[in-house]
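Encoded as structure tokens, the structure appears first; notes follow it.
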Amino acid sequence: MEASSHDEFREFVAMRSTALLRLAVLLTGGDRHAAEDLLQIALMKAYGRWAHIEQPEAYVRQVLYRQQVNRWRLRRHRAETTVPVLPEGTDADAGSDPELRIALWAALGRLTMRQRAVVVLRYFEDLPEAEVAALLGCPVGTVRSTAYRSLAKLRSLVPELGPEGPTEQEKPLGYQAKGIQG
């Protein structure tokens, strides 16, 4: 790698590593050590292809998503780690209640890895269902039903989030059409 490319990479890491680590922490369910490992792998992959990458942050985020998907596919039976407190440096919505954030963080840790990945990609990263499905390697219907069930579980674990069960707009089409109660 040329010296200028090396400097560009170092500058990118210095500027974006905090936000990328925050995403990795969300994807790993609060396991800061696993998040650091996940980010390290993503940055190593980016470094190797740095000269060919047009959108570095998008590339690193894509690697983060795919690496985490690989982790939960390979380690389905691994015990999950939950943490009672948000990791340092996390800046959630400045207007939200700190106790609610802590409760939500703990509830995210109680979701399965797939549910957590769908919630993080769909609602924290604000990706469309089709893109989440492509990243996770599953049908769009699976993303919809997983999001529906995940939101219902989050609301049952943290009642302060709102009404019990997803709204009609959050329900997958099959649930709306068939009149299935959520």
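Once neighbouring chains are kept in place and the probe is 1.4 Å, which whole percent of the accessible area of the stretch 119-159 is contributed by carbon and sulfur? The partial results should precede the final answer.
Working: 930 of 1740 Å².
Percent of accessible area from carbon and sulfur atoms in the stretch 119-159: 53.
Computed 3J(HN,Hα) for the stretch 122-138, one whole-Hz value per residue from the Karplus formula 6.51 cos²θ - 1.76 cosθ + 1.60 where θ = phi - 60°, is 6, 10, 7, 8, 6, 8, x, 4, 5, 6, 4, 4, 5, 5, 8, x, 9, glycine and proline marked x. Computed about its Cα centre, the charge dipole of the stretch 1-49 is approximately 160 debye, with only Lys, Arg, Asp and Glu carrying charge at their Cβ.
One decimal place: the segment Arg10-Asp37 gains 7.9 nm when fully extended, by the rule 0.36 nm per residue minus the C-alpha distance. A simple packing score, the average count of other Cβ atoms within 10 Å per residue, orders the peptides 58-69, 151-162 as 58-69, 151-162, with the highest score first.
Coupling constants for the stretch 31-48 follow from the phi torsions by the Karplus curve (6.51 cos²θ - 1.76 cosθ + 1.60, θ = phi - 60°), and in residue order they are 7, 4, 5, 5, 5, 5, 4, 4, 5, 4, 4, 4, 5, 4, 5, 5, 4, x Hz; glycine and proline get x.
Whole-Hz Karplus values for the stretch 106-121 come out as 5, 5, 4, x, 8, 6, 5, 4, 5, 4, 5, 4, 5, 5, 5, 5 Hz, taken residue by residue from phi with 6.51 cos²θ - 1.76 cosθ + 1.60 and θ = phi - 60°; glycine and proline positions read x.
The values are calculated or read from the model by the stated rules, or taken from the named source; none is laboratory data. Remember, it's a predicted structure, so these values are computed and weren't measured experimentally. For neighbour counting, all protein chains shown are included, and Cβ atoms are generated from backbone atoms with ideal geometry for every residue, glycine included. All accessible areas refer to the heavy atoms of the entire protein, side chains included, with ligands and DNA or RNA removed. Shrake-Rupley method; radii C 1.70, N 1.55, O 1.52, S 1.80 Å.
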